[in-house]
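The values are calculated or read from the model by the stated rules, or taken from the named source; none is laboratory data. Just so it is clear, the structure is predicted and the values come from calculations on it, not from any experiment. Cβ sites come from the backbone with ideal geometry, for glycine too, and all protein chains shown count toward neighbours. These area figures cover heavy atoms from the full protein model, side chains too; ligands, DNA and RNA do not enter into them. Shrake-Rupley method; radii C 1.70, N 1.55, O 1.52, S 1.80 Å.
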Amino acid sequence: MNVYKIEAGTAQHIGNRPEQTNRTALFTGARAPGYMMAVLADGVSGGSSASDQALLTAKQQFDLFKPGDDPSIERLQALLRDIVLETHAVLKLNAMTSTSEPHATFVGLVITPKGTAVWAHVGDSRLYRFVRAECVVRTSDVPYIEHLVGTDKLPLEAAKNHRHSKLLFNVLGNSRKEPFVAVGHHENLAAGDTFLLASDGLWHFFTDAELGAVTSKNTPRQASELLINKAVERAQGKGGNCTMAIVKLVKPPKEVPNYTVERMRRAV
């Protein structure tokens, strides 16, 4: 197994919006030692209630998760799907007693102690996987468009315009349409792998190469500061909420031999 340590962090900027409706968090599992989860949700309408619910459900489901000795990739993907569907159900129930219908996008990532990453996404928030500075994975709307064409028999142009249709809009909480969950995975993680979860208020302003360069050369905290500052600059006062989570795998520091430490103490 490849040896690495995890450096991770989250960051947000409100942009020019009156309210921060994005939410992001990093979790460890109460019953899953060595596992970690990163989650990002973008509240599309109804304020922050939908994104708050997505993170609450993710935390509750992850705390209940008992992985066993070696859970399959399918089981890990099912965990993320369950989070999406449970959040979606709660949001629809809440909408029945409210004048609004809160919606949210979703991106979730689980990393296991055996070096496997599993992710899922709904909507226009994104997950990136970089190997050093090279972007090797970037989630997109393509699987959902293919789903609409293949399953709902929609013409391609109509499927591409799904964001302009209340019926076809792919989000959690849409009473007219169940969320379509796209999933992916990668095994044999190694130092040099980096994951970025980003709202559209961030990724919209950068190329894949720019994001890879910044995350590979900096710690998560440094990278988030650089990206937020540049996103605000490029938005020119018209940017929305800007949110990200960065999970970076790096080589662990080399241990200093005991005898060296002893000699250092004597020298002091």
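List of remarks:
- Scanning the stretch 103-127 for residues that are open to solvent by less than 40 Å² (accessible area, probe 1.4 Å) and farther than 19 Å from Arg81 by Cα returns a single hit, Gly115.
- Conditions (1) open to solvent by less than 10 Å² (accessible area, probe 1.4 Å); (2) in contact with a Ser or Thr (Cβ under 9 Å, 6 or more places away or on another chain); (3) not in a loop (DSSP other than H, G, I, E, B); number of the one not met by Leu189: (3)
- Of the residues making up the stretch 137-166, those that are part of a loop (DSSP other than H, G, I, E, B), over 25 Å from the mean Cα position of the chain (by Cα) and at negative phi number 4.
- Residue match in the stretch 99-107 (condition: touching a Pro at 6+ places or on another chain (Cβ under 6 Å) and modelled with pLDDT of 95 or more): no
- Unique residue being touching a residue at least 40 places away in the same chain (Cβ under 8 Å), closer than 25 Å to Ala223 by Cβ and either among the charged types (D, E, K, R) or touching a His at 6+ places or on another chain (Cβ under 9 Å) (or both) when the list is Gln12, Gln20, Gln77: Gln20
- Residues (of a type in the set (Asp, Glu) and touching a Lys or Arg at 6+ places or on another chain (Cβ under 8 Å)) located in the stretch 104-140: Asp124
- Set Ala235, Ala245: member being surrounded by fewer than 23 Cβ atoms within 10 Å (Cβ to Cβ) and not acidic (Asp, Glu): Ala235
- Residue in the stretch 75-96 that is open to solvent by 30 Å² or more (accessible area, probe 1.4 Å), out of contact with any strand residue (DSSP E or B) (no Cβ under 6 Å at 6 or more places or on another chain) and not in a helix (DSSP H, G or I) present: no
- Total residues in the stretch 11-43 satisfying the condition of being in a strand (DSSP E or B), open to solvent by 70 Å² or more (accessible area, probe 1.4 Å) and farther than 17 Å from Leu79 by Cα: the figure is 1.
- Beta carbons closer than 6 Å, at least 6 apart along the sequence or on distinct chains, pair a first residue in the stretch 56-69 that is charged (D, E, K, R) with a second that is open to solvent by 50 Å² or more (accessible area, probe 1.4 Å) for Asp63/Ala30; Lys66/Arg31.
- A single member of Leu56, Leu85, Leu26, Leu91 is under 21 Å from Ile246 (Cβ atoms) and of a type outside the set (Phe, Trp, Tyr), and it is Leu26.
- Test: Leu56 is farther than 20 Å from Leu127 by Cβ and in a helix (DSSP H, G or I): yes
- Residue list for the stretch 138-164, filter: open to solvent by less than 40 Å² (accessible area, probe 1.4 Å) and under 18 Å from Ala198 (Cα atoms): Thr139, Ser140, Asp141
- Test: residue in the stretch 44-56 that is within 24 Å of Leu226 (Cβ to Cβ) and open to solvent by 40 Å² or more (accessible area, probe 1.4 Å): no
- Tally, over the stretch 54-106, of residues that are more than 24 Å from Thr116 (Cβ to Cβ) and among the basic types (Lys, Arg): 1
- Residue within the stretch 193-206 that is open to solvent by 10 Å² or more (accessible area, probe 1.4 Å), over 18 Å from the mean Cα position of the chain (by Cα) and modelled with pLDDT of 95 or more present: no
- Screening Asp63 with (1) outside any helix (DSSP H, G or I); (2) loosely packed, with under 15 Cβ neighbours inside 10 Å gives one miss only, at (1).
- Qualifying residue in the stretch 149-164 (condition: of a type outside the set (A, V, I, L, M, F, W, C) and in contact (Cβ under 8 Å) with a residue 60 or more places away in the chain): no
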